[in-house]
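Undergrad: Next up is a structure, given as structure tokens.
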Amino acid sequence: MTHQNRFPVSTDLASEEEWTKSSYSSQDNGNCVETTVNSAAITESGLVGVRDSKAKGGPALAFTHAAWTGFVGLLHSGEGDFGVVD
């Protein structure tokens with residue numbers, strides 16, 4: 001099922017057990033992101049799911065594994081300027 005017939009919902013991409021909270025997310029249930037990057041669901045769909053942990057049944061972003069790996073690599077390299085303010 002898709003959200004408003006346009007966006008995949010998190011259960012389209014992986015079961016609830018396959019979502020993992022980012023180690024960089026706040027632990028006080030504030031700004032939290034969950035992914036399926038370590039899930040077996042990637043093998044089946046070829047996609048990495050990303051969702052807001054406060055909206056578990058809501059829409060999710062879906063990236064190819066290569067796109068997600070490239071994005072994370074850019075973040076780790078420190079070369080991307082994303083306008084993030086500490």
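Undergrad: Answer yes if at least one residue in the range 34-46 is of a type in the set (Asp, Glu), at pLDDT below 80, loosely packed, with under 12 Cβ neighbours inside 10 Å and part of a loop (DSSP other than H, G, I, E, B), and no otherwise.
TA: So far as the range 34-46 goes, no, none of its residues is of a type in the set (Asp, Glu), at pLDDT below 80, loosely packed, with under 12 Cβ neighbours inside 10 Å and part of a loop (DSSP other than H, G, I, E, B).
Undergrad: So Lys56 clears everything in (1) in a loop (DSSP other than H, G, I, E, B); (2) modelled with pLDDT of 85 or more except one condition, right? Which one?
TA: For Lys56, the failing item is (2).
The values are calculated or read from the model by the stated rules, or taken from the named source; none is laboratory data. From a predicted model like this one, the values you see are computed outputs, not experimental measurements. A quick note on method: Cβ atoms are made from the backbone with ideal geometry, for glycine too, and the neighbour counts reach across all protein chains shown.
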